[in-house]
Amino acid sequence: MTMPDQTINWKKVIDSLKKGVVVIDTDGIIRHVNPSMTGLTGFSPDELVGKTCAIFECSGCEPWFDREGS
């Protein structure tokens with residue numbers, strides 16, 4: 001999936017961050033993940049883009065990421 005040209009600037013910024021970032025749309029579908037997020041999760045971008053954040057949930061597991069972003 002390619003992103004429109006006007007999104008290139010934010011993508012570069014997000015990809016340069018050391019914290020893992022997931023960009024989701026209004027339907028809760030993952031549209032972009034930065035390299036830090038793939039390093040944290042072990043998932044490739046192809047495994048995450050197009051899925052929902054439910055892919056990160058594990059029954060009986062403690063949440064490992066901060067839903068509030070802090």
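Brief remarks follow.
- Under-5 Å amide H pairs with residue 24, H placed in peptide plane, nonlocal only: 31
- Computed extension length for residue 12-residue 36: 7.4 nm, one decimal, from 0.36 nm per residue of separation with the Cα-Cα distance subtracted.
- Where 57, 47 fall by accessible area, highest first, once all protein chains stay in place (1.4 Å): 57, 47
- Long-range amide H partners of residue 51 with built H, under 5 Å: 30
The values are calculated or read from the model by the stated rules, or taken from the named source; none is laboratory data. All of these numbers come straight from a predicted model, not from anything done at the bench. Note: areas computed on protein heavy atoms with side chains; ligands, DNA, RNA excluded. Shrake-Rupley method; radii C 1.70, N 1.55, O 1.52, S 1.80 Å.
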